[in-house]
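Every number in this text was worked out from the coordinates using simple rules, so none of it is lab data. Everything quoted here is computed from the prediction, not taken from an experiment. Ideal geometry is used to build each Cβ from the backbone, glycine not excepted, and the neighbour counts take in all protein chains shown.
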Amino acid sequence: MKYLFIFLKKQSFFFLFIFLELVAIILLINHNSFQGSRIINSTNAITGSFQDAFTSIGDYFFLKEANEQLNAENARLHELLQKSTVFPYSAISQPDTTYAFIPARVISNTTRGRNNFIMINRGRLDGIEKEMGLISPQGIAGIIVEISSHYATAMSLLHKDTKISARLKNNGQMVNVSWDGLSPRTGIVEDIPTHIIPKPGDTVVTSGYSFVFPGDLMIGVIGNKVFTGGNLNRAEIEFSTDFNSLHFVNVTKNNASTELDSLNMQLKDE
């Protein structure tokens, strides 16, 4: 023990250097989203395989919960199919092929930081690209920001820089949804006109006005806190996705993104 203390004392500056380097890296990741995402992406290929192996073991213990989620999703899809086939010759029965969905498994997920990320076991070789959306069986979960050959990292909805274009389902009012960093179950609905006061339980869905998510995907419901006063109102939202039990997701692929990007570039050039 004596020699151990002597060794630690001699190497104290080295260990202090390593400690300060780790602190600097943690601060860089937490407070600089771009550098943080690049660092995370550079380790995707290395850590992805290890995370994948550990997650496979963990998934065994969550089979019951995963099956319940899949059953609930199947029930919802059967309900939508039932509604769409009531009028088989109407426009409502025509499938929307704008978006495709790529199934994936979550192999790493954080919820306790200010900038949280989700890693999935799908990458560039599976057709994953940056700025694709990530959705859970209950609602939206994040946006892809970095990819490697076999893995991808998404900026979680629980991230200070995430802002989702949304609308209040009962009246169609356009709003924005972000995370306040307080709880992984709640966030904030912003930019609500002063003449509209949402009620607890009102549904909030995606607007469909972005290239990332199709419209009418569930985000959550209005919570008990509504903040009035000032130029715009704000309200608490209870997220539909439970980020603490996120196992299976789908990646949204906009099949028209190349054409839409081309149109946007033409508008900018005019």
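Quick look at the numbers
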| read-out | value |
| --- | --- |
| Environment charge at residue 134 (Cβ cut-off 13 Å; Lys +1, Arg +1, Asp -1, Glu -1) | +1 |
| Spin-label model distance (nm) - residue 183 vs residue 210, 7 Å beyond Cα toward Cβ | 2.3 nm |
| Unit charges at the beta carbon, dipole of the range 96-149: most positive-side option, 102, 117, 148 | 117 |
| Prolate/oblate/rounded call for the range 121-270, Cα gyration tensor, a/c under 1.5 rounded | oblate |
| Size of charge dipole - the range 120-217 - debye, nearest 20, with Cβ of Lys, Arg +1 and Asp, Glu -1, no other charges | 140 debye |
| Spin-label model distance (nm) - residue 110 vs residue 203, 7 Å beyond Cα toward Cβ | 3.4 nm |
| Spin-label model distance (nm) - residue 125 vs residue 19, 7 Å beyond Cα toward Cβ | 4.3 nm |
| Label zone at residue 253, where the point sits 7 Å out along the Cα-to-Cβ direction: the range 122-158 residues whose backbone N lies under 11 Å | 123-129 |
| Three-way shape call for the range 193-259 based on the alpha-carbon gyration tensor, with the a/c threshold at 1.5 | oblate |
| Extension gain, residue 163 back to residue 226 (0.36 nm per residue minus Cα-Cα distance, nm) | 20.8 nm |
